[in-house]
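Have a look at the structure below before the remarks.
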Amino acid sequence: MQNKYLSFIFEITKIALIALVIVLPIRYFLFQPFIVKGESMSPNFQEGDYLIVDEISYRFSNPDRGDVIVFKYPKDTAQRFIKRVIGLPGETIVIKNGAVSMTNMMGENVILEENYLPENLKTYGDTNLTLQENEYFVLGDNRTYSYDSRSWGVVKSSYIIGKAFLRLYPVTELSKFSSPAY
C-alpha cells in the first residue's frame, strides 16, 4: 500500500516538473499575459482585455510604427503600460492643430493617417520632438484621455517588453494583431 502511495507521489511530482520545464521558459522568454487596465487604448482595446504579449520578436527586429507594445512605464518601471508606437528612432514627431506628423530620416514630412482611430478624432497637444537612437514615441488610441509620450516623454527600447500578439478575452473579440499599414 505504501509502495503505491510513493509511486503515485513520484508520478505527480514528475508531471509537475515536466510541466514547469515546458511552461516556465515559454512564459518568461517567449510570451506573457497582459490585462488591459484603463481606457487609454479604447476603442481598440478595452478595460479587462486579456492579451498575449510576444516577447521574442523584438529580439530579432525593431518595433514598427503602429505596433501596439507593452512596456515598463519610464517613471515607475514596476508599472506596465500599453500604447501604440507612433515615432521611430531618428524621426521628428510634431503634434499640432489636432494632427500627428513626422519627419523621417530622409527629411520627408508625413501626416499620419491612422485608420484604426475613429474618424474626426483629434490628437491634442503641442509637441515637436526629435527621437534619439533607441527612443520611441507612443500614444494611446483614446487620444483625449491617454497618458502617453505627450505627458512623460519617450520610451527607450530597453523598457519595451513586447508587442500585443493575441487577444484571448473576451472570447467574442478573440483576434490576432498585426501592424497597420501607413
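Are any residues in segment 81-127 among the charged types (D, E, K, R) and over 21 Å from the mean Cα position of the chain (by Cα), and if so, which ones?
K96, E108, E119, K122, D126
Step by step: first the residues of segment 62-80, then only those that are open to solvent by 30 Å² or more (accessible area, probe 1.4 Å) and under 24 Å from L168 (Cβ atoms), then the one that is farthest from the chain's Cα centre (by Cα). Which residue is that?
Residue satisfying both the conditions and the ranking: Q79.
Please verify whether segment 43-52 includes one or more residues that are surrounded by 17 or more Cβ atoms within 10 Å (Cβ to Cβ), at pLDDT below 95 and of a type in the set (V, I, T).
Yes; the residues of segment 43-52 include at least one that is surrounded by 17 or more Cβ atoms within 10 Å (Cβ to Cβ), at pLDDT below 95 and of a type in the set (V, I, T).
Filter segment 99-109 down to the residues that are open to solvent by 60 Å² or more (accessible area, probe 1.4 Å) and out of contact with any Gly (no Cβ under 8 Å at 6 or more places or on another chain), then identify the one that is nearest to W152 (Cα to Cα).
The residue in question is N109.
Name the pairs: first residue in segment 52-79 and on the phi > 0 side of the Ramachandran plot, second residue open to solvent by less than 40 Å² (accessible area, probe 1.4 Å) and part of a strand (DSSP E or B), Cβ to Cβ under 9 Å, at least 6 apart or on different chains?
The qualifying pairs are G66/R84; G66/V85; G66/I86.
Quick test for you: out of Y116, Y136, pick the one residue that is in contact with a strand residue (DSSP E or B) (Cβ under 9 Å, 6 or more places away or on another chain), touching a residue at least 12 places away in the same chain (Cβ under 8 Å) and assigned to a loop (DSSP other than H, G, I, E, B). Can you show your working first?
On the way: Y136 fails: assigned to a loop (DSSP other than H, G, I, E, B).
Criteria check complete, one pass: Y116.
When both residues are 6+ apart or on different chains and their Cβ atoms are under 7 Å apart, which pairs have a first residue that lies in segment 142-164 and is free of Cβ contacts under 8 Å to residues at least 60 places away in the same chain, and a second that is assigned to a strand (DSSP E or B) and among the β-branched types (V, I, T)?
Hits for this filter: R150/I95; R150/T127.
The values are calculated or read from the model by the stated rules, or taken from the named source; none is laboratory data. What you are looking at is a predicted structure, and each value in this text was computed from that prediction instead of being measured. Using ideal geometry, Cβ is built from the backbone for each residue, glycine included, and neighbour counts are taken over all protein chains shown. The accessibility values were calculated without ligands, DNA or RNA, using every heavy atom of the protein model including side chains. Shrake-Rupley method; radii C 1.70, N 1.55, O 1.52, S 1.80 Å.
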